[in-house]
């Protein structure tokens with residue numbers, strides 16, 4: 001147990017520099033773009049250059065770049081991630097206002113992709129070469145090779161043609177007047193297109209990993225032994241093969257966790273889902289620097305947290321994984 | 001038994017999930033009653049509800065329904081009408097203005113609207129050094145702020161440092177409640193007050209609608225202000241509409257789809273939508289209402305003070321600019337970019353600007369042959385037989401045309417202008433850049449040759465003074481180190497200075513007519529074409545009188561919904 005915590009602390013210490021370097025690189029890249037957020041006001045004949053200068057001074061944009069960055073870094077210690085120029089609000093407040101929507105969308109898509117990848121990957125892996133395996137393989141490749149934006153547009157066009165699903169957004173116009181079950185159903189209907197697009201994309205990848213793992217394990221000696229002892233195929237699949245095949249899937253989970261909040265931006269924008277994607281695109285385009293930095297920190301923290309959670313899950317799922325003594 | 005349990009469990013979970021997945025898409029919850037509700041789609045989310053510090057239209061689109069000024073600009077007649085002020089008197093040659101306020105106006109929380117609120121808005125908000133209010137630039141005349149004083153509970157006096165003709169129009173500036181905002185101003189928190197996370201009840205105005213709910217990035221919901229002061233001819237309280245739901249739909253295609261599906265009641269057409277929507281009017285229960293040429297402008301401009309002295313000589317040459325204007329095929333631009341739904345623009349003002357627009361301004365007809373001859377007379381000729389012109393000294397006439405990459409209409413227009421200019425022998429390279437890069441080039445580095453750009457429209461030419469006066473910060477075509485006044489610029493400076501202080505509208509119009517003629521002669525900006533503004537309006541809406549300047553909802557309190 002001691003070595004487990006030691007390993008956790010060691011991993012945390014190793015990622016701290018990453019948490020410092022990533023925002024700094026983002027900050028530098030944002031400043032490689034010419035001008036700043038308030039440049040868009042310069043073409044407004046009714047706003048004087050003096051007013052623009054005042055805005056720049058208010059948000060410390062008139063200070064040297066490094067001074068701006070260290071000022072921001074200093075505030076982070078007090079959990080102050082700076083101000084969004086556009087929203088005139090603390091960055092954390094702006095991010096928090098959209099976080100739940102993005103989490104709901106990507107969480108459902110993530111869970112669906114995982115559940116289906118494990119079940120279908122196991123099924124296809126146990127029946128390698130069968131027609132069901134080939135069909136699933138084809139769908140997985142299609143999902144992987146079609147860009148998410150194209151799939152979103154395609155599904156929206158189909159929905160417009162058949163009129164059975166809402167065309168973007170998160171709730172219907174009369175949402176407030178609905179009863180609770182109808183409200184859930186309404187949000188659920190709005191989620192169908194974005195969730196399908198996101199889930200199909202990551203399912204394709206996860207399915208292939210799971211299927212490959214299962215196919216390899218099925219060939220191993222211990223499975224042959226179980227078969228010789230006439231253990232039921234169902235038990236072999238669920239109790240032995242699935243458990244052994246899950247390890248790489250858990251590692252992937254750690255890497256995929258940050259994409260819960262960052263990987264669905266494009267789909268959100270196209271399907272009009274009011275999540276982080278829309279404000280982040282706007283923030284990058286208009287150079288709302290601290291909002292972009294805040295989001296970057298959030299994604300970095302999730303990456304680190306995802307890896308740690310994956311490690312803990314790996315330890316729980318596979319007793320063979322033991323830490324080396326320090 | 002043990003062997004079968006997991007199989008059953010997995011099977012059941014899988015079946016249940018599959019059934020849910022199949023039901024959800026097709027189970028459409030019964031359409032809830034949305035009676036007397038106007039549903040619109042906004043292109044962007046409001047960033048704040050604090051109109052004083054707001055800079056973007058996505059905010060003012062919403063706050064415009066909640067706050068009002070002392071006066072109101074009628075976009076259909078061009079007249080300035082009373083709003084929170086009932087009447088006014090002007091004396092001392094336009095330096096003293098006394099406004100008599102309405103006595104029947106209540107804030108959303110029931111407190112009366114008084115002269116203290118007007119004084120507070122100007123003294124504590126607009127002219128407060130701790131608050132950055134873009135409106136301060138409008139009310140600072142000759143470097144001095146205007147003075148505001150409450151004469152009694154319902155009378156205010158404004159003292160102007162110099163006479164300022166568009167003052168009445170400028171007073172459509174929204175007024176804010178002292179009792180609701182004083183503490184925020186005193187504690188220095190005004191800059192972050194009334195953000196998008198505020199409770200709707202905290203946002204207090206006098207307008208026809210008040211905020212009911214804001215779901216970030218998703219929708220803004222406004223409800224009728226029961227205490228609104230305005231009544232119709234029969235004495236019935238306005239507004240007629242009970243609720244407005246503004247959905248936030250960033251993509252233009254999304255807004256079109258939602259309108260076609262009947263989810264929204266209004267849609268602003270772009271050129272490409274016209275042939276799609278026109279035949280669907282009856283079946284989808286809507287009408288296309290044409291409001292006239294859009295406000296604003298699209299223009300091609302040459303840098304008359306570029307770093308390269310050879311280019312400077314070409315671009316400073318008025319005939320060169322006139323020949324370029326003559327080369328632009330505006331009809332083709334209207335056909336291709338706006339689907340035949342546009343008008344050529346000849347004056348700096350859009351034809352939809354009431355009163356000040358001059359129809360006498362001559363237009364440059366498309367005539368590439370004449371353009372070639374004009375250039376030839378100035379010494380531009382194809383001396384090496386490559387199909388492109390060289391100037392008198394043999395320098396090939398080659399330059400770069402810039403525009404911002406985010407605007408598809410400008411990109412298309414720049415592409416067509418490039419072809420038109422090539423047709424008369426000018427070799428033009430095209431570069432689409434990010435908006436901020438363009439702004440940096442125009443306002444700071446001045447290293448550009450030609451640009452295709454647009455500016456927002458003004459209802460009074462004075463508000464474009466920053467562009468036209470040589471000391472204006474947006475006088476981009478002749479700016480930077482070593483800029484020398486060009487022909488006509490002295491006259492234009494004089495016109496803008498004089499017209500701002502004249503109190504008779506007719507006298508001002510004469511001056512601004514002259515300015516439009518000089519602009520057409522000197523062509524610092526070669527205007528191209530404007531789209532016609534067309535709104536698709538659901539048939540159940542009555543009394544919609546759209547204007548290209550103020551949109552379809554400027555008379556929102558008078559719009560009815562026929563159930």
Tally, over the stretch B:123-158, of residues that are in contact with a helix residue (DSSP H, G or I) (Cβ under 8 Å, 6 or more places away or on another chain), within 14 Å of chain A (Cβ to nearest Cβ) and free of Cβ contacts under 8 Å to residues at least 40 places away in the same chain: 5
Test result for residue A:210, within 23 Å of the chain's Cα centre (by Cα), part of a helix (DSSP H, G or I) and more than 21 Å from residue A:103 (Cβ to Cβ): yes
Test: residue in the stretch A:258-280 that is part of a helix (DSSP H, G or I) and touching a strand residue (DSSP E or B) at 6+ places or on another chain (Cβ under 9 Å): yes
Those helices (runs of 4 or more DSSP H) lying entirely in the stretch A:90-204 with at least 2 residues closer than 20 Å to residue B:251 by Cβ, modelled with pLDDT of 85 or more and within 25 Å of the chain's Cα centre (by Cα): A:91-126, A:148-162
Residues located in the stretch A:36-60, provided they are within 13 Å of chain B (Cβ to nearest Cβ) and in a loop (DSSP other than H, G, I, E, B): A:36, A:44, A:45, A:46, A:47, A:48, A:59
Output for the stretch A:150-183, where each listed residue is away from every other protein chain (no Cβ under 11 Å) and either surrounded by 19 or more Cβ atoms within 10 Å (Cβ to Cβ) or in contact (Cβ under 8 Å) with a residue 12 or more places away in the chain (or both): A:151
Verdict on residue A:73 being surrounded by fewer than 20 Cβ atoms within 10 Å (Cβ to Cβ) and facing chain B (nearest Cβ under 8 Å): no
Within the stretch B:218-321, helices (runs of 4 or more DSSP H) holding 1 or more residues that are at pLDDT below 90: B:252-260, B:274-277
Residues satisfying the stated conditions in the stretch B:73-106, i.e. buried (at least 17 other Cβ atoms within 10 Å of the Cβ) and modelled with pLDDT of 95 or more: B:83, B:84, B:85, B:88, B:97, B:99, B:100, B:101, B:102, B:105
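The values are calculated or read from the model by the stated rules, or taken from the named source; none is laboratory data. None of these values were measured; they are calculated from a predicted model. Methodologically, a virtual Cβ is constructed for each residue, glycine included, from the backbone with ideal geometry; neighbour enumeration extends over all protein chains shown.
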